[in-house]
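In what follows, a structure is listed as structure tokens, so that the remarks can point back to it.
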Amino acid sequence: MTENQAQTYAENVGKRIENEERTANDILEEALDINITKNINGHYIGAEIAVTLGGPNAYINTRTQCVEAYWGGQKGYWALPVHVIEELDATLEEISH
């Protein structure tokens, strides 16, 4: 067992996204859930994209620009490259109008 399984899991998910060079459409097609945040004027702010659920839970959070993993009360984070986040945000903003 690792000291922080959630951190290890976040790193593994983040590295897999980076190494496979998946497009925003690839990620969104495989998403288990997407929670889009808009401001009071209806402008896109960001999104949480569920990539795994049910222990561990892992989300791509475009506002924090990280993979966030939660496992047994532990939290872990892995920063994603800016170009991945920008592509996700652009795609989600376009389809959320």
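Just to confirm the number: angle between the C-alpha axis of helix 82-95 and the first principal axis of the chain, 0 to 90 degrees, nearest 10? The angle comes out near 50 degrees. Relative to the dominant Cα principal axis of the chain, helix 5-20 is inclined by about 50°. The stretch between Asn4 and Ser96, if pulled fully straight at 0.36 nm per residue, gains 29.6 nm over its current Cα-Cα span. Across the chain, the longest piece that holds none of the GluC sites (Glu not before Pro) lying in DSSP loops with up to 16 other C-beta atoms within 10 Å covers 22-97.
Any read-out appearing in this document is the output of simple, stated calculations on the displayed coordinates, not a laboratory observation. Everything numeric in this text was worked out from a predicted model, so none of it was measured. Neighbour counts run over all protein chains shown; Cβ positions are idealised from the backbone, glycine included.
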